[in-house]
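K.L.:
The structure is given below, and queries will be raised subsequently.
The values are calculated or read from the model by the stated rules, or taken from the named source; none is laboratory data. Predicted model only: the values in this text are computed from it and were never measured. Methodologically, a virtual Cβ is constructed for each residue, glycine included, from the backbone with ideal geometry; neighbour enumeration extends over all protein chains shown. Just so you know, the surface numbers come from the protein's heavy atoms only, side chains and all, with ligands and any DNA or RNA stripped out. Shrake-Rupley method; radii C 1.70, N 1.55, O 1.52, S 1.80 Å.
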Amino acid sequence: MQYWSHKSWIREVAIAVMLKAVILIGGPQKGTRFRPLSFEVPKPLFPVAGVPMIQHHIEACAQVPGMQEILLIGFYQPDEALTRFLEAAQQEFNLPVRYLQEFAPLGTGGGLYHFRDQILAGGPEAFFVLNADVCSDFPLSAMLAAHRHQPHPFLLLGTTANRTQSLNYGCIVENPQTHERMLERYGVGPNLVKQVLHYVEKPSTFVSDIINCGIYLFSPEALKPLRDVFQRNQQNGQLEDSSGLWRGAGTIRLEQDVFSALAGQGQIYVHLNDGIWSQIKSAGSALYASRLYLGQYQLTHPERLAKHSPGGPRIRGTHPATIPKLCPPPPPPPRSLLCPQSFDSGPQTQRSSLLLLGNVYIHPTAKVASSAVLGPNVSIGEGVTVGEGVRLRESIVLHGATLQEHTCVLHSIVGWGSTVGRWARVEGTPNDPNPNDPRAHMDSESLFKDGKLLPAITILGMASQGTQGCEKPPQVMGGLYGENLCLCEGCRVRIPAEVLILNSIVLPHKELSRSFTNQIIL
């Protein structure tokens, strides 16, 4: 094993060579479990913790030294919303951010091979590949340090799951005899890298408790196995996958066609990470991801979090011991308001202000009454109106919504332009990971099971984008980085006063007159 001195290690990590990143955003035929949230806005642009889902990915990539370009690959039509997002992202991060549209859905690897010339243009040292529907702290710099210490064509980010939930992910069997542990005191954090001996995508029986996070670092040589798969598909003609659907030669599945085939050949390694991670497959998982990101804002974007101030809304927080992963690792233990150590030993003023950090995001254009009580884990979008005495907890309120006086919204997503009447209660049932199992993850179940609607978070319908199909003059708002969002009277969902909406999904164009429980209101 090669050991590094402090100065040589820092110099090696700081080398600014050319890097790229690819974000796989899928297409409209995917994300059926995310409906109805994806009916009117592409899933990658759905706001999570106040910003579009893939902005978290772009922010993480932009912070890696040497990043030169970020490419989005998918099958979405490049509409106005996506175009405006790309323009705003390029301006904010001062990086080229481009969208490459597939001619057909090509799987998780087909787009990489189809656009290989654009990816390799300029001769990048390596390129990151990130699935859009994951929430993570994105330890990209640590992955890059591991890659530079011992280069391999494929480096996967992995985490642990319990035996039952591991069956829902790609499972990784590691070689315990090959591991490289970096020096944590040099700023790379826990970095355990092991060779992958075996890879199985969603096995029927238990294989391993190490799962694939959908975040990778590939060297340019990684495209050669994709070429081999493409050529083999061409020779075999049209192929039929496990679902019975025919796929063309350009369709390549990274997990089944590449990882499973190359595991054990010394080309694939896994970087184990114990930070935050979750898939965003369903509406409930979007709320959970919002909670994780809002908690991470304490370290990464404290300016985005609402602070308790005289004359402002009351911010309800949680005990700091509930967010141990957000604390920087010792030694030395930092005396920060975000860490449990500070709660035990800091002055009284620090302890008091700590309890008021409720992980709440409020858009600057939102109007929130001073008697409203918000948090923990609340995101309020552009142009939202929150009336007197409103209680908001574990919820997302999207652009242009109105919560009238004394409404209570818990574990819910209030759609664009929706109105909740006075003293109404909108509530869902949380489906959080088991708090007693540190390896548990969010379950992304479908809406129905055995013919019954599963208790889940409550969703109030989404307003339509644009003006097509609207009979009345629309109110146009900025929306996601300024795209047109029609909030006409015919598109809005209206909840009357003094009713209960529990574990229900209300689609657009609805004006309710009574309470509903465990229903989908079409």
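K.L.:
Just give me the residues in the range 387-413 being within 12 Å of R314 (Cβ to Cβ) and not charged (D, E, K, R), in sequence order.
P.N.:
G389, V390, L392
K.L.:
Could you give me the residue pairs with C-beta distances under 8 Å whose first residue belongs to the range 77-101 and is farther than 17 Å from V22 by Cα, whose second residue is open to solvent by less than 20 Å² (accessible area, probe 1.4 Å) wherever it lies, and which are 6+ apart or on separate chains?
P.N.:
Sorted first by the residue in the range 77-101, then by its partner, the pairs are E80/E483; A81/V41; A81/L45; A81/G479; A81/L480; A81/E483; R84/L480; R84/E483.
K.L.:
Here is a list of conditions, (1) open to solvent by less than 20 Å² (accessible area, probe 1.4 Å); (2) at pLDDT below 85; (3) not in a helix (DSSP H, G or I), and P331 meets all of them except one; can you say which number that is?
P.N.:
Here P331 meets the rest and fails (1).
K.L.:
Might you check whether a residue that is open to solvent by 60 Å² or more (accessible area, probe 1.4 Å), over 14 Å from V390 (Cβ atoms), modelled with pLDDT under 85 and assigned to a strand (DSSP E or B) occurs anywhere in the range 429-451?
P.N.:
yes
K.L.:
Continuing with this model, one more query. Restricting attention to the range 367-401, and to residues there that are open to solvent by 30 Å² or more (accessible area, probe 1.4 Å) and β-branched (V, I, T), which single residue is farthest from A306 (Cα to Cα)?
P.N.:
T385
K.L.:
When you scan the range 204-225, how many residues do you find that are in contact with a Ser or Thr (Cβ under 8 Å, 6 or more places away or on another chain) and outside any strand (DSSP E or B)?
P.N.:
Looking only at that region, the number is 4.
K.L.:
For L157, state whether it is among the aliphatic types (A, V, I, L, M) and open to solvent by 30 Å² or more (accessible area, probe 1.4 Å).
P.N.:
no
K.L.:
Answer yes or no as to whether Q63 is touching a Gly at 6+ places or on another chain (Cβ under 7 Å), of a type outside the set (A, V, I, L, M, F, W, C) and surrounded by fewer than 24 Cβ atoms within 10 Å (Cβ to Cβ). Spell out how you get there, then give the answer.
P.N.:
Numbers: touching a Gly at 6+ places or on another chain (Cβ under 7 Å): no; of a type outside the set (A, V, I, L, M, F, W, C): yes; surrounded by fewer than 24 Cβ atoms within 10 Å (Cβ to Cβ): yes.
So Q63 does not fit the description; no.
K.L.:
Among the residues in the range 299-318, are any touching a helix residue (DSSP H, G or I) at 6+ places or on another chain (Cβ under 9 Å), at negative phi, open to solvent by less than 10 Å² (accessible area, probe 1.4 Å) and touching a residue at least 24 places away in the same chain (Cβ under 8 Å)?
P.N.:
Scanning the range 299-318, I find no residue that is touching a helix residue (DSSP H, G or I) at 6+ places or on another chain (Cβ under 9 Å), at negative phi, open to solvent by less than 10 Å² (accessible area, probe 1.4 Å) and touching a residue at least 24 places away in the same chain (Cβ under 8 Å), so the answer is no.
K.L.:
Right, next: What number of residues within the range 76-99 are of a type outside the set (G, A, S) and either touching a Leu at 6+ places or on another chain (Cβ under 8 Å) or at positive phi (or both)?
P.N.:
Total satisfying the criteria: 9.
K.L.:
Output the residue which, of all residues in the range 161-208 that are among the aliphatic types (A, V, I, L, M) and modelled with pLDDT of 90 or more, is most open to solvent (accessible area, probe 1.4 Å).
P.N.:
L197
K.L.:
Still on this structure, I have one more. Identify all residues within the range 52-73 that are within 15 Å of the chain's Cα centre (by Cα) and either at pLDDT below 95 or part of a helix (DSSP H, G or I) (or both); write none if there are none.
P.N.:
Listed by number, the residues that qualify are M53, I54, Q55, H56, H57, I58, E59, A60, C61.
K.L.:
Could you please find all residues in the range 493-519 being touching a residue at least 60 places away in the same chain (Cβ under 8 Å) and open to solvent by 40 Å² or more (accessible area, probe 1.4 Å)?
P.N.:
Passing the criteria: R494, A497, E498, L500, L502, N518, Q519.
K.L.:
I need the full set of residues from the range 402-413 which are closer than 20 Å to N518 by Cα and surrounded by 19 or more Cβ atoms within 10 Å (Cβ to Cβ), in order please.
P.N.:
Within the range 402-413, T407, C408, V409, H411, S412, I413 meet the criteria.
K.L.:
Could you please let me know if W416 is at pLDDT 70 or above and open to solvent by 60 Å² or more (accessible area, probe 1.4 Å)?
P.N.:
The answer is no for W416.
K.L.:
Turning to a different aspect of this structure: Take the conditions open to solvent by less than 20 Å² (accessible area, probe 1.4 Å) and modelled with pLDDT under 90 and apply them to A249. Does it pass? Quick ask: steps written out before the conclusion?
P.N.:
Details: open to solvent by less than 20 Å² (accessible area, probe 1.4 Å): no; modelled with pLDDT under 90: yes.
The answer is no for A249.
K.L.:
Related question: May I ask you to verify whether P44 is over 24 Å from R227 (Cβ atoms), assigned to a loop (DSSP other than H, G, I, E, B) and either at pLDDT below 95 or under 18 Å from the mean Cα position of the chain (by Cα) (or both)?
P.N.:
No, not satisfied.
K.L.:
Condition check: closer than 19 Å to V51 by Cα and not aromatic (F, W, Y). Does V384 satisfy that?
P.N.:
On the way: closer than 19 Å to V51 by Cα: yes; not aromatic (F, W, Y): yes.
Answer is yes for this residue.
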